[in-house]
Amino acid sequence: MASVSAPNPVIVYDMPMMSKFVTDFYEKKVKELKSIQARHLATVKLGEIESKDSGAGAAIHPAADRDSDDEAEGKTKFTEIVNEVEEEARKVAEPSGENKAAAALEKVFTQEETEESEEAEMETESGPSTNTC
């Protein structure tokens, strides 16, 4: 359970009541601060208050910043668009080592088949061979 220093909780029934409560609360706080300030100034004579700030690390006025609130200022906001389909096509265009070996074997076998088929065609064109040994 939270430790609350408020004497009694305030129950707010609607927004106008909340608005009045907040206004009254801040008016009361401002009056208290003004009375504290008046008591402090009564004890201090004019010109006695010296600045404790040496100038190092002085506060920066928030309006001194540029108009842009963009955190990425100075950075490129747009990245280069890369066409992934073309990259994949380039990758696929070069066959792997296994595919190269398979293509070479296929080429060898197709050459042998074409040679055999050419020999068979030559035999059919010249007629049956009558080799008698």
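The values are calculated or read from the model by the stated rules, or taken from the named source; none is laboratory data. The shown structure was predicted, so the numbers you read here are calculated from the model rather than taken from an experiment. Ideal geometry is used to build each Cβ from the backbone, glycine not excepted, and the neighbour counts take in all protein chains shown.
Among the residues of the range 14-30 satisfying the criterion of being among the hydrophobic types (A, V, I, L, M, F, W, C) and within 44 Å of the chain's Cα centre (by Cα), which is surrounded by the fewest Cβ atoms within 10 Å (Cβ to Cβ)? So, considering only residues that are among the hydrophobic types (A, V, I, L, M, F, W, C) and within 44 Å of the chain's Cα centre (by Cα), the one surrounded by the fewest Cβ atoms within 10 Å (Cβ to Cβ) is MET15.
From the list ILE60, ILE11, the lone residue that is at pLDDT 80 or above, part of a loop (DSSP other than H, G, I, E, B) and surrounded by fewer than 10 Cβ atoms within 10 Å (Cβ to Cβ) is ILE11.
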